[in-house]
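The values are calculated or read from the model by the stated rules, or taken from the named source; none is laboratory data. The structure displayed is predicted, hence computed values, not measured ones. Here the Cβ positions follow ideal geometry from the backbone for every residue, glycine too, while neighbour counts run over all protein chains shown. Note: accessible area is taken over every heavy atom of the protein model, side chains too, but ligands, DNA and RNA are not part of it. Shrake-Rupley method; radii C 1.70, N 1.55, O 1.52, S 1.80 Å.
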Amino acid sequence: MAKPVSIEVWNPSGKYRVVSTKPMPGTRWINLLIEQDCRVEICTQKKTILSVEDIIALIGDKCDGVIGQLTEDWGETLFSALSRAGGKAFSNMAVGYNNVDVDAANKYGVAVGNTPGVLTETTAELAASLSLSAARRIVEADEFMRAGLYDGWLPNLFVGNLLKGQTVGVIGAGRIGSAYARMMVEGFKMNLIYYDLYQATRLEKFVTAYGQFLKANGEQPVTWKRASSMEEVLREADVISLHPILDKTTYHLVNKNSLAIMKKEAVLVNCSRGPVIDEVALVEHLKQNPMFRVGLDVFEDEPYMKPGLADLKNAVVVPHIASASKWTREGMATLAALNVLGKIKGYPIWSNPNQVEPFLNENAPPPAASPSIVNAKALGLPVSRL
């Protein structure tokens, strides 16, 4: 029997009971639920990752919907408990849903929401930040200063890589990958090589137009190239940022063999999914190649790092903060809440989950729709005509 879980309650007399497994940024998401007669219960337990038993205790005997987190194991047990409590709505406060057994949700008729469309620029910005931090050895230099070791300028002190005129490689040129590519091309005048199953036409047009602008102003134009394989990107790029989905084809995409074909002074960045990289192989490669650098926001066995990674000066590591801008995190909370509310109220599904601006406009009521339900088709849910 799970111990009682501490909660904070808003609108105690509300008709619909909605549970959030974590406090989330902002208050708009709470107010939107309260305005629609929801009792909102927020778990305040001082525990980073709730167990299945904890969440079952939160769900209780009556629950209309749950807003959960990417760190939780939403499978048969939890969807069964939610269904028994009368709940038909769950939303991750995340764009990814690797933690969700969608088949189990379908079995119990539970709509599964996620929050795309609000993380693109924020995630791309962090990938760009990690690229620059690793290339210019900023974290190493910061630690050096704080340790009181700096006693004067030296010609070889923390010499890093110049980005201008080098080649940035992108694996996965979707919304985030393309946004990152534009930042690196325009910000640092880097050439682009990318790999994606689909042609990134808009990205190609952007780089072409920017190259023409530079040439017209007497500068070296930037170029782009669509690679025929991921290996081609790894071989040719000076900075590589990973933005693929995680599936059988991309698990350990970066491994001992692929690391071996990369440039000795390359920079590798991952803000996508941890298991895209074989972390054990990466640690060994970093040890053997001190001028090879990485910037990591995600890890293979998150929240843990493989042994040795934390000790390496040529690794910049941050705790899964790619979406951690105030605007984005508050937007994610709002979208997750509206996913749950939409199902409770019987609203249709928003037709384009990547166009979420109407839901984030604080000066107008949000559309009467669920922003993004990943299993809408399986459950036969109607699509909004708005």
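Entry note, the chain: relative contact order of 17 percent, from Cα contacts under 8 Å with a spacing of 6+ residues.
Summarising the label geometry, the points placed 7 Å from Cα in the beta-carbon direction at Thr27 and Glu284 lie 5.5 nm from one another. Rounded to the nearest 0.05, what FRET efficiency do Val383 and Asp61 have when you use their Cβ-Cβ distance and R0 = 30 Å? That gives a FRET efficiency of 0.35. If both residues of a DSSP beta bridge must be in the chain, then about 10% of such bridges are antiparallel. Loop-resident GluC sites (Glu not before Pro) (DSSP state other than H, G, I, E or B) in the range 152-226 with no more than 13 further Cβ atoms inside 10 Å of their Cβ: Glu219. Highest GNM mean-square fluctuation among Lys46, Lys189, Lys256, for the chain modelled with Cα contacts below 10 Å: Lys46. The lysines within cross-link reach of Lys22, meaning a Cα-to-Cα straight distance under 24 Å and a gap of 8 or more places when in the same chain, are Lys3, Lys46, Lys47, Lys62, Lys88, Lys326, Lys343, Lys345.
Per-residue surface analysis assigns Tyr150 an accessible area of about 110 Å², computed on protein heavy atoms at 1.4 Å probe radius. Candidate cross-link partners of Lys15 among the aspartates and glutamates, defined by an alpha-carbon separation under 14 Å and a same-chain spacing of 8 or more, comprise Glu35, Asp37, Glu41, Asp64. Between Asp142 and Leu246, the distance separating the two model label sites (each 7 Å from Cα on the Cα→Cβ line) works out to 2.5 nm. With equal scatterers on the alpha carbons only and no solvent term, can you work out the Debye log10 of I(q)/I(0) for the range 83-169 at 0.11, 0.12 1/Å? Taken in order of the listed q values, log10 I(q)/I(0) reads -0.60, -0.64.
Phi angles of the range 196-202 translate, via the Karplus equation with coefficients 6.51, -1.76, 1.60 and θ = phi - 60°, into HN-Hα couplings of 7, 5, 10, 5, 8, 4, 5 Hz per residue; Gly and Pro are given as x. Diagonalising the gyration tensor over the Cα atoms of the chain and scaling each eigenvalue by 5 before taking the square root yields semi-axes of 41, 24, 19 Å, largest first. Relative to the longest principal axis of the Cα atoms of the chain, the long axis of helix 279-288 lies at roughly 20 degrees. Volume per residue for the range 1-155 equals 166 cubic angstrom (convex hull of Cα atoms).
Once divided by 2.2 N^0.38 Å, the Cα radius of gyration of the range 146-252 becomes 1.29. In the context of the full set of protein chains, residues of the chain present 48 Å² of accessible surface per residue (probe radius 1.4 Å, heavy atoms only). Kindly provide log₁₀ I(q)/I(0) values, in the same order as q = 0.08, 0.10, 0.11, 0.16 Å⁻¹, from the Debye equation applied to equal alpha-carbon scatterers of the range 119-317. Values, matching the q order: -0.26, -0.41, -0.49, -1.00. Taking only protein heavy atoms and a 1.4 Å probe, the accessible area of the range 119-317 is 54% carbon and sulfur.
Kirkwood analysis of the range 251-384, using all unique Cα-Cα pairs, places the hydrodynamic radius at 17.7 Å. Within the straight-line cut-off of under 14 Å between alpha carbons, the aspartates and glutamates reachable from Lys287 are Glu265, Glu279, Asp311, sequence neighbours fewer than 8 places apart in one chain being disregarded.
Taking 0.36 nm per residue of separation and subtracting the Cα-Cα distance, full extension of the segment from Ala209 to Thr48 would add 53.3 nm. Note on the range 199-245: the alpha carbon radius of gyration divided by the globular reference 2.2 N^0.38 Å gives 1.34.
In this simple spin-label approximation, Ser228 and Lys313 carry label points 7 Å from Cα along the Cα→Cβ vector, and these lie 4.2 nm apart. Fully extending the segment from Asn255 to Lys326, taken as 0.36 nm per residue of separation minus the present Cα-Cα distance, adds 22.1 nm.
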